[in-house]
Amino acid sequence: MRKTILSIATVISLVVGSNVAYADTAKPGASMTHMKTAAGVTSTLEAAGVILYVQGGATSAVIGENLSAVTSQVVFHIPVTANNGGVQHVGSNIIFFNTANNQYLILKNPVIDLAQGVVSATVGEAKLNIFTITNASTVKAKITNDKKIKQRTTAYTGTALVLAPGVAATISSVLGLPAGSLPDGLAFGTADVTLYSKLK
């Protein structure tokens, strides 16, 4: 059976008002994005024969008994690798894999723009909004300065991600799932970002 590959290259920049947070590229992997799926997402996917995992620099873990449990969640730990054009996660992929037909969807180098309230992605030649951040206007940066080690920590917690309009149908189509397998505007989960930089 023909495999369908959809590659999404995203560039995430975290912007709150006029404040731009950048990661320190001198310590690749120190800055980190932690993404956690909402309860029920993995069990919904598993029921359709789809598993969700990461590869490359990212790692993942399951909270709960197993992927089919309605209360289970998957946590992704995605290293921040650079700050060109925003906070990037080069080399980390999030993958939706349909075990029934071997079709899969690759989310490559994921990224967040709080100013626009979206997570955007390039699909082929087109740039699309993959997630909508429902609480973008209220998420604020918590900044901690450690003068002893000359390090600044900038943390954004609890950014709420839902599938952008039309994305659920696109995912279902790419993976060969029946129409309506994923609801439009599905509450996908949350993302926390911790950025480390040198304190001048």
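Please work out the FRET efficiency for the pair I95 and K148, using the Cβ-Cβ distance as r and a Förster radius of 35 Å; give the result to the nearest 0.05.
0.30
Sort largest first and round to whole Å: the equivalent ellipsoid semi-axes of the range 111-200, each the square root of five times a Cα gyration tensor eigenvalue.
Calculated on Cα positions only, the semi-axes equal 34, 13, 10 Å.
None of the figures in this text is laboratory data; all of them are computed from the coordinates on show. From a predicted model like this one, the values you see are computed outputs, not experimental measurements. So basically every Cβ, Gly included, is an ideal-geometry build from the backbone, and we count neighbours across all protein chains shown.
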